[in-house]
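I have placed the structure first, in the form of structure tokens, so that the comments after it can refer back to it.
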């Protein structure tokens with residue numbers, strides 16, 4: 001993606017970007033999103049200009065009918081919102097009610113109103129319309145499930161939207177004065193509906209095992225569904241039409257132009273001068289030294305049928321994990337060990353302890369919270385608290401065990417944590433309802449998951465560097481991290497990739513070196529022992545039977561009983 005790079009701190013020139021979406025103005029200008037900013041490309045030019053007034057993460061821009069304004073989807077305080085930029089005033093505004101998730105903005109062809117999807121009625125996403133002059137909004141779809149990505153026809157009479165319920169997607173049309181009708185129904189995802197300028201056909205994207213493709217529906221009676229463009233790495237965004245024959249779309253970081261009747265497309269070059277990316281915020285983290293606190297004397301051997309060392313390559317079978325004090329000193333084939341203390345757990349899986357790189361702890365939490373967190377496999381947690389040092393010492397001992405607690409630090413470090421960690425769990429994450437019925441939930445703060453995203457993100461391209469920070473999902477600590485595991489699995493990540501996001505990736509990001517996130521000689525003795533096969537089924541990470549923290553073994557049941565007994569006494 002990097003075309004030209006100057007010295008450190010100098011601007012960089014980009015000629016492509018990931019997840020681009022593009023829209024064409026009637027005067028030939030293009031608008032597209034790049035690195036969470038909005039850029040305008042002049043007609044027949046190659047140097048794009050960033051709209052600097054838009055200072056929040058933004059994507060999916062759409063021109064107003066008169067080319068004098070741009071709608072876009074902004075990310076504000078962890079929620080998607082609708083942004084509006086007007087060229088005349090050079091001002092960017094947030095529209096609608098910011099308490100709710102608002103997505104997929106599009107214009108009415110007269111330019112006086114906008115459409116969007118919102119979850120404000122707590123009935124899934126519905127299509128809403130917003131009047132720019134008065135600020136009033138009203139709901140216009142009422143189906144069960146989600147109604148997404150609405151688009152008015154060029155004459156403003158007919159409505160398109162995607163309806164999704166359970167595992168079924170439909171492309172819906174509402175003709176003026178007629179009931180809604182499904183044009184296409186699929187068991188795989190449909191997205192990105194749009195209209196040809198003359199209203200004669202609609203386009204949409206179909207996502208199946210062979211990859212995404214653009215289909216069209218000729219609005220005859222009955223409607224005819226035909227493939228339009230396939231065999232390219234499409235970005236999920238509506239096709240944009242420069243005129244009746246010329247369409248634009250984005251593929252693998254590039255903008256493409258294609259004639260409706262052509263078999264080939266041509267690239268539209270651009271150059272965008274950007275400041276060096278700060279997305280690689282791992283370098284912004286200060287180095288962290290782990291204290292040695294109350295490590296036990298003597299040797300302990302943890303024996304399980306298999307282990308995942310946190311680095312890769314699947315499982316290792318019949319390995320003894322040898323621990324001296326609070327550190328792992330050897331991984332050895334299972335054998336006779338006369339006189340040594342062996343915890344033989346049989347057919348369970350040993351994993352590196354889970355790291356939550358940016359978590360939220362409840363106000364006034366007590367010592368007993370540590371045992372609950374450990375019972376969920378969380379052995380290291382980073383949070384904003386002035387009590388970190390004292391609580392870390394308390395939780396490092398045998399009497400009141402808990403995870404290693406690291407202070408998030410000053411405002412700059414907190415900002416880096418917010419930027420460098422990811423959180424995708426929400427109310428629609430598969431398996432979250434069952435997770436929140438876990439035994440520990442009874443003694444953790446109550447919290448109902450909220451809707452934060454319209455659909456699950458495809459994170460496969462970023463899997464190698466993801467670091468989980470559960471704080472944005474507003475769920476109780478411990479359970480919040482497991483919710484993120486479920487969300488990453490639902491997005492297509494493998495069990496190994498999920499574990500690395502709370503293991504070696506997290507340890508690297510927090511500048512902890514080789515101390516955490518792996519089962520290897522020299523690493524701290526923080527382990528999670530689960531009953532299942534988490535590389536194949538991430539939900540098995542919830543089946544914690546025991547943990548090793550600071551070189552001491554604790555059963556999950558014993559930890560829960562210890563925490564609940566302390567709560568009952570209080």
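The values are calculated or read from the model by the stated rules, or taken from the named source; none is laboratory data. Just so we're clear, the structure is a prediction, and the values are computed from it rather than from any experiment. No Cβ is skipped: glycine too gets one built from the backbone with ideal geometry, and neighbour counts run over all protein chains shown.
Descriptive notes on the structure:
- Counting only strands (runs of 3 or more DSSP E) that sit completely within the range 9-50, those holding 1 or more residues that are over 15 Å from residue 272 (Cα atoms) correspond to 22-24.
- Looking only at the range 83-104, residues that are at pLDDT below 95 and either closer than 15 Å to residue 57 by Cβ or not assigned by TED's automatic domain parsing to the domain that holds residue 130 (or both) come to 5 in all.
- Candidate set from the range 218-245 (those that are within 14 Å of residue 197 (Cα to Cα) and assigned to a strand (DSSP E or B)); member that is farthest from the chain's Cα centre (by Cα): 218
- Hey, residue 516 more than 21 Å from residue 554 (Cα to Cα) and in contact with a helix residue (DSSP H, G or I) (Cβ under 7 Å, 6 or more places away or on another chain) or not: no
- Conditions (1) farther than 23 Å from residue 141 by Cα; (2) at pLDDT 95 or above; number of the one not met by residue 231: (2)
Listed here are the residues, each with its yes/no results for (1) without any contact (Cβ under 8 Å) to a residue 40 or more places away in the chain; (2) assigned to a loop (DSSP other than H, G, I, E, B); (3) under 21 Å from residue 314 (Cβ atoms).
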residue: 496; (1), (2), (3): no, no, yes
residue: 529; (1), (2), (3): no, no, yes
residue: 532; (1), (2), (3): no, yes, yes
residue: 554; (1), (2), (3): no, no, no
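- Some residue of the range 407-418 being in a loop (DSSP other than H, G, I, E, B) and surrounded by fewer than 18 Cβ atoms within 10 Å (Cβ to Cβ): yes
- Residue 243, sole failed condition from (1) assigned by TED's automatic domain parsing to the domain that holds residue 199; (2) touching a strand residue (DSSP E or B) at 6+ places or on another chain (Cβ under 8 Å): (2)
- Subset of the range 487-513 that is surrounded by fewer than 24 Cβ atoms within 10 Å (Cβ to Cβ) and in contact with a helix residue (DSSP H, G or I) (Cβ under 6 Å, 6 or more places away or on another chain) - its residue that is farthest from residue 430 (Cα to Cα): 497
- Per the listing 332, 340, 387, 336, the residue uniquely without any contact (Cβ under 8 Å) to a residue 24 or more places away in the chain, under 20 Å from residue 553 (Cβ atoms) and assigned by TED's automatic domain parsing to the domain that holds residue 553 is 332.
- Scope the range 266-310; condition farther than 21 Å from residue 382 by Cβ, at pLDDT below 90 and assigned to a loop (DSSP other than H, G, I, E, B); matching residues: 275, 276, 277
- Residues that are without any contact (Cβ under 8 Å) to a residue 24 or more places away in the chain and crowded, with 23+ Cβ neighbours inside 10 Å within the range 62-78 comprise just one, 74.
- Sole exception among (1) surrounded by 14 or more Cβ atoms within 10 Å (Cβ to Cβ); (2) at negative phi for residue 178, by number: (1)
- Number of residues in the range 362-374 that are assigned to a helix (DSSP H, G or I) and over 25 Å from the mean Cα position of the chain (by Cα): the value is 5.
- Residue match in the range 185-193 (condition: over 30 Å from the mean Cα position of the chain (by Cα) and either part of a loop (DSSP other than H, G, I, E, B) or buried (at least 21 other Cβ atoms within 10 Å of the Cβ) (or both)): no
- Test: residue in the range 122-142 that is at pLDDT below 95, within 21 Å of the chain's Cα centre (by Cα) and outside any loop (DSSP other than H, G, I, E, B): no
- Scan of the range 409-452 for residues that are in contact with a helix residue (DSSP H, G or I) (Cβ under 6 Å, 6 or more places away or on another chain) and farther than 30 Å from residue 565 by Cα, ordered by number: 416, 419, 420, 423, 424, 425, 429, 430
- Residue tally, condition closer than 18 Å to residue 25 by Cβ and surrounded by fewer than 20 Cβ atoms within 10 Å (Cβ to Cβ), over the range 205-247: 5
- Any hit, the range 79-95, residues being at negative phi, in contact (Cβ under 8 Å) with a residue 12 or more places away in the chain and outside any strand (DSSP E or B): yes
- Scan of the range 328-344 for residues that are surrounded by fewer than 18 Cβ atoms within 10 Å (Cβ to Cβ) and assigned to a strand (DSSP E or B), ordered by number: 329, 330, 331, 332, 333, 341, 342, 343, 344
- Taking residues in the range 127-156 that are in contact (Cβ under 8 Å) with a residue 60 or more places away in the chain, and partners anywhere that are in a loop (DSSP other than H, G, I, E, B), the pairs with Cβ atoms closer than 6 Å and at least 6 places apart or on different chains are 146/124; 146/125; 148/125; 148/454.
- Test result for residue 484, more than 16 Å from the chain's Cα centre (by Cα), part of a helix (DSSP H, G or I) and either modelled with pLDDT of 95 or more or farther than 23 Å from residue 289 by Cβ (or both): no
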